[in-house]
Amino acid sequence: MKEEILKHLRNSQGKDAAHSSVYDWRVALSLALRDRMVDHWFRSTRETYESGAKRVYYLSMEFLIGRLVEDTAANLGLVQEAKTALAELGQDYEAIVLNEPDAALGNGGLGRLAACFMDSLASLGIPAYGYGIRYEHGLFKQDFVDGSQVETAETWLSQRNAWEFARPEVQFRIGFGGHVEHHEGKAHWHPWETVLATAYDTPVIGWKGSWGNTLRLWSAKPEAKFDLKSFNRGDYLAAGRSEALARTISRVLYPDDTTDAGKELRLKQEYFFTAASIMDLLRRFLSDHDNIRELPNAVAIQLNDTHPAIAGPELVRLMVDEHDVPMAEAIGLARQCLGYTNHTLLPEALERWHIGLLGRVLPRHLEIIRAIEDDQQAKHPGSPRILEQDHVRMGELAFIMAHKVNGVSALHTDLVKETVFADLNRIHPKRIVNETNGITPRRWLHTCNAPLSELVTQEIGEGWVGDLEQLKALNQKSGDRTFLDAFSAAKRQNKEQLADWIAQSCDIQIDPAAMFDIQIKRIHEYKRQLMNILETIALWNEMHDAPNAEWTPRVKIFGGKAAPGYHVAKQIIHLINDVARVINNDRVTKDLLKVVYPPNYNVTMAERLIPAADLSEQISTAGKEASGTGNMKFALNGALTIGTLDGANVEIREHVGSENFFLFGLTAQEVVERRHVHGFSRAAIEASPRLTRVLGQIFEGVFSPSDPSRYHGLIGTLYDHDYFLVTCDFDSYFDTQRRVDEVYRNPQNWAAMALRNTANMGWFSSDRTIKGYARDIWQVNASEKVRLELTG
Ligand code: F58
């Protein structure tokens with residue numbers, strides 16, 4: 001390893017050891033690790049070609065990957081070797097790991113799920129490709145200026161990305177606009193504009209290096225050559241115009257998770273990567289098949305939400321226009337290949353494209369969508385429409401073009417059946433299935449939490465990393481004082497590390513003995529960070545009034561970004577920061593309560609925070625959080641959850657035991673009913689003196705003395721139409737938090753409850769989720785050899 005690192009330092013980075021920076025060492029180490037991936041990768045590809053096995057294609061607009069050095073080294077079993085090699089070279093492995101930029105090619109849960117799935121597909125030995133966009137700028141960087149969120153561009157690609165292989169020879173022409181001609185029953189699309197999609201491949205090696213798949217990300221390049229004529233005339237801007245236009249497509253990750261603005265570019269991004277992926281998989285298929293009708297036996301294409309839903313019409317277009325398959329048959333064949341995952345019921349997040357826009361950008365696809373609509377109406381008269389008024393509804397399109405549609409938790413799947421797709425579900429009663437989300441145990445326990453991971457391995461061996469249900473054996477330890485002490489000591493060690501980091505990065509001193517209460521996720525009204533900060537103020541009031549009463553010291557930690565155009569979410573961020581400033585400067589409560597909100601929450605920050613959490617906040621309005629995956633990461637790492645009956649919380653509670661979960665709040669059904677009660681929020685506020693006081697303080701400007709009216713709008717909304725029922729759940733949330741305080745005061749009991757969480761979270765491994773998709777949706781098998789290696 002030492003030789004390999006030095007070789008790359010010299011031959012790939014062009015540096016000698018004496019003049020190398022941490023960056024050079026990091027790139028050299030990454031390249032040395034990448035070298036070790038290649039054999040596994042080739043072996044897997046070869047095996048798939050030889051066996052003719054069916055391949056999975058996971059199409060996702062987002063892959064929220066994070067850093068890769070540690071994960072790769074761990075999966076290859078090379079962590080110790082790398083550490084030793086670097087130490088002998090006088091370098092610090094930890095510092096090198098910290099040097100890597102966090103690849104944030106995603107917004108939140110949906111993108112991170114795709115990354116966890118890539119790890120599980122490889123670990124299980126399922127031949128698969130992830131397809132997405134190689135954004136030049138990932139999710140924006142977040143700073144706080146006077147407590148407000150300020151966004152700047154993220155620049156992960158300003159450095160060499162050591163993990164990828166550029167494939168300039170893999171190129172597809174992607175057309176936009178233009179018109180369609182019909183001659184002798186055949187359609188000919190003449191796009192007005194074309195760009196080239198070129199591939200960049202990142203190998204993804206599973207646990208123990210057993211299998212390697214590919215993450216293929218597309219970058220847009222201009223098709224037209226550089227305009228030398230204009231350049232020579234001195235018109236430099238014109239010379240680069242077509243280039244700038246093309247590159248815009250893969251320039252930036254769409255940062256909004258509320259509404260779909262920036263519409264045309266977003267639509268082009270979606271078609272760009274979807275079309276390139278479909279063309280690529282067809283090319284691979286046709287290289288060893290000559291009958292396109294066999295496609296469904298060879299490929300399973302999964303649509304991660306509706307963003308790649310144009311895959312249906314695109315596949316039909318290629319079959320009809322280029323392979324002479326009749327339309328109805330093409331629709332049927334495409335459907336057999338496609339699966340669609342729904343991640344949200346929020347009406348504002350369901351994609352719809354204006355017919356005018358879609359017809360202008362993708363004229364042939366609009367014709368095909370009309371043909372799909374006709375086909376559906378002919379077979380199922382009265383079926384919900386894809387084209388409604390002026391819009392193309394992508395959810396309906398994806399549903400109709402998929403043979404299976406899945407929700408991401410049991411509750412969410414039931415709601416999908418009862419609400420958004422109720423009518424389609426009646427027509428196609430077997431189409432909707434549930435695949436509850438999961439998380440990869442490699443990153444989310446083994447790598448991010450060394451103290452706990454080592455303790456578990458000492459106790460039950462290392463098998464759990466590839467077979468997380470083995471954690472069940474730890475249940476026997478819940479009465480063993482020595483083990484519980486060791487379990488608490490691991491948590492304590494993580495908390496001390498986090499406290500050091502917070503002292504350094506936020507200049508706030510926190511006590512590792514206090515309860516670390518953490519809410520990290522995108523800022524959204526339905527996730528109710530607002531309710532959390534209101535409860536924080538209420539608690540502070542009571543501590544301040546009676547500082548000598550019996551209190552459980554707490555540190556409230558927040559993390560998360562708001563969509564740049566989401567005003568209310570940004571106000572909530574501002575409020576949390578305002579409240580933090582006041583509380584953290586109160587001398588009376590200084591040993592009882594702190595509020596910390598480190599800026600720029602990302603995967604790397606999650607890996608620091610989650611292992612150090614005592615309490616996990618999963619407090620969304622019931623019925624709104626499709627699943628959640630952070631909830632799983634916390635529970636696996638031995639945090640107790642305070643949560644509503646929403647998303648996967650329901651299943652987590654069933655697995656860890658209701659006595660080890662702090663439940664509060666209205667159920668999804670009660671939420672719907674309560675909204676019908678006239679004046680429900682005013683009534684809830686009036687019934688709660690505690691909440692009335694808190695809202696009054698915010699309204700008067702206690703936390704924003706320089707701008708007392710800053711939160712009048714926010715508070716006004718709670719009185720008038722509190723759509724997410726913060727006011728209704730507040731008292732039950734506050735009371736449950738006090739129960740949490742009480743339980744925390746008994747450390748042995750707390751540790752036993754936390755251990756029950758860790759021990760019973762095995763089911764939430766994304767390996768289990770992927771096995772479910774493989775069985776219920778894709779009809780693919782995991783390599784038997786890999787399966788034996790993992791469990792044996
Ligand atoms: C999330 N969706 C769900 N969307 O909110 C969460 O409950 C679930 O656990 C997770 O998916 C995985 O299933 C989500 O992250 C987005 O970020 C979209 C980005 C693009 C615009 C629309 C929202």
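The values are calculated or read from the model by the stated rules, or taken from the named source; none is laboratory data. This one's a predicted model, so the numbers in the text were calculated from it and none came from an experiment. Counting neighbours? That spans all protein chains shown, and the Cβs are built from the backbone with ideal geometry, glycine included. Heads up: the accessible areas ignore ligands, DNA and RNA and are worked out on the full protein's heavy atoms, side chains in. Shrake-Rupley method; radii C 1.70, N 1.55, O 1.52, S 1.80 Å.
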Practice item. From (1) of a type in the set (V, I, T); (2) more than 16 Å from the ligand (Cβ to nearest atom); (3) open to solvent by 10 Å² or more (accessible area, probe 1.4 Å); (4) touching a residue at least 40 places away in the same chain (Cβ under 8 Å), pick out the condition that doesn't hold for V79. Key: (4)
Study note, to complete from the structure: Flagged in region 122-151 as within 16 Å of the ligand (Cβ to nearest atom) and among the aliphatic types (A, V, I, L, M), in numbering order, are I133, L139
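Give the residue that is surrounded by the fewest Cβ atoms within 10 Å (Cβ to Cβ), with candidates limited to residues of region 517-555 that are of a type in the set (K, R) and farther than 15 Å from D586 by Cα. First the steps, then the outcome.
Initial filter on region 517-555 (of a type in the set (K, R)): 521-522, 527-528, 554.
Then keep just the ones that are farther than 15 Å from D586 by Cα; that gives 521-522, 527-528.
Details: K521: 23, R522: 19, K527: 25, R528: 28.
For region 517-555, the residue satisfying everything is R522.
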Study note, to complete from the structure: Within region 340-355, of all residues that are touching a Leu at 6+ places or on another chain (Cβ under 7 Å) and not polar (S, T, N, Q), the one nearest to the ligand (Cβ to nearest atom) is H343
Review point. Which ranges mark the helices (runs of 4 or more DSSP H) fully within region 607-720 that have 3 or more residues being within 30 Å of R745 (Cβ to Cβ) and within 16 Å of the ligand (Cβ to nearest atom)?
Key: 630-636, 649-656
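Among the residues that make up region 488-508, is at least one of them farther than 20 Å from A613 by Cα and open to solvent by 10 Å² or more (accessible area, probe 1.4 Å)? Walk me through it before giving the result.
Step one: filter region 488-508 for residues farther than 20 Å from A613 by Cα, giving none.
Scanning region 488-508, I find no residue that is farther than 20 Å from A613 by Cα and open to solvent by 10 Å² or more (accessible area, probe 1.4 Å), so the answer is no.
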Practice item. Kindly indicate whether any position in region 254-264 is within 16 Å of the ligand (Cβ to nearest atom), out of contact with any strand residue (DSSP E or B) (no Cβ under 8 Å at 6 or more places or on another chain), outside any helix (DSSP H, G or I) and open to solvent by 60 Å² or more (accessible area, probe 1.4 Å). Key: yes
Check your understanding: Hey, any hits in region 60-69 for a residue that's more than 16 Å from the ligand (Cβ to nearest atom) and either open to solvent by 10 Å² or more (accessible area, probe 1.4 Å) or more than 26 Å from the chain's Cα centre (by Cα) (or both)?
Key -> yes
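Just the residues that are more than 16 Å from the ligand (Cβ to nearest atom) and either open to solvent by 10 Å² or more (accessible area, probe 1.4 Å) or assigned to a helix (DSSP H, G or I) (or both), please, taken from region 298-310.
Step one: list which residues in region 298-310 are more than 16 Å from the ligand (Cβ to nearest atom), which gives 298-301.
Residue satisfying the conditions is A298 alone.
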Check your understanding: Among all residue pairs at least 6 apart or on different chains, which show Cβ distances below 9 Å where the first residue, located in region 349-367, is of a type in the set (F, W, Y) and the second is away from the ligand (no atom under 16 Å from the Cβ)?
Key -> W353/V361; W353/H391; W353/V392
Point to revise | Given (1) touching a strand residue (DSSP E or B) at 6+ places or on another chain (Cβ under 9 Å); (2) in contact (Cβ under 8 Å) with a residue 40 or more places away in the chain; (3) assigned to a loop (DSSP other than H, G, I, E, B); (4) more than 16 Å from the ligand (Cβ to nearest atom), index of the condition K430 fails | key: (2)
Practice item. Test D39 against the criterion of being charged (D, E, K, R), surrounded by fewer than 23 Cβ atoms within 10 Å (Cβ to Cβ) and modelled with pLDDT of 95 or more, and give yes or no. Key: no
Exercise for review: Filter region 222-244 for residues that are open to solvent by 100 Å² or more (accessible area, probe 1.4 Å) and touching a residue at least 12 places away in the same chain (Cβ under 8 Å) and give the result.
Suggested key: F226, R241
Review point. Quick check: anything in region 569-586 part of a loop (DSSP other than H, G, I, E, B), touching an Asp or Glu at 6+ places or on another chain (Cβ under 7 Å) and open to solvent by 30 Å² or more (accessible area, probe 1.4 Å)?
Key: no
Exercise for review: Inspect region 462-477 for any residue being in contact (Cβ under 8 Å) with a residue 60 or more places away in the chain, more than 27 Å from the chain's Cα centre (by Cα) and over 30 Å from S766 (Cβ atoms) and give the result as yes or no.
Suggested key: no
**Study point:** strands (runs of 3 or more DSSP E) fully within region 321-415 counting 1 or more residues that are open to solvent by 10 Å² or more (accessible area, probe 1.4 Å)
**Key:** 352-354, 391-393, 404-407
Point to revise | Test set (1) under 24 Å from the mean Cα position of the chain (by Cα); (2) open to solvent by 20 Å² or more (accessible area, probe 1.4 Å); (3) of a type in the set (D, E, K, R) - E100 fails condition number | key: (2)
Review point. Given L281, L315, L286, L295, which one is modelled with pLDDT of 95 or more, within 26 Å of the chain's Cα centre (by Cα), away from the ligand (no atom under 16 Å from the Cβ) and part of a helix (DSSP H, G or I)?
Key: L281
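Could you check region 145-160 and list, in sequence order, the residues that are over 19 Å from R112 (Cβ atoms) and either open to solvent by 50 Å² or more (accessible area, probe 1.4 Å) or without any contact (Cβ under 8 Å) to a residue 60 or more places away in the chain (or both)?
V145, D146, V150, E151, T152, A153, T155, L157, S158, Q159, R160
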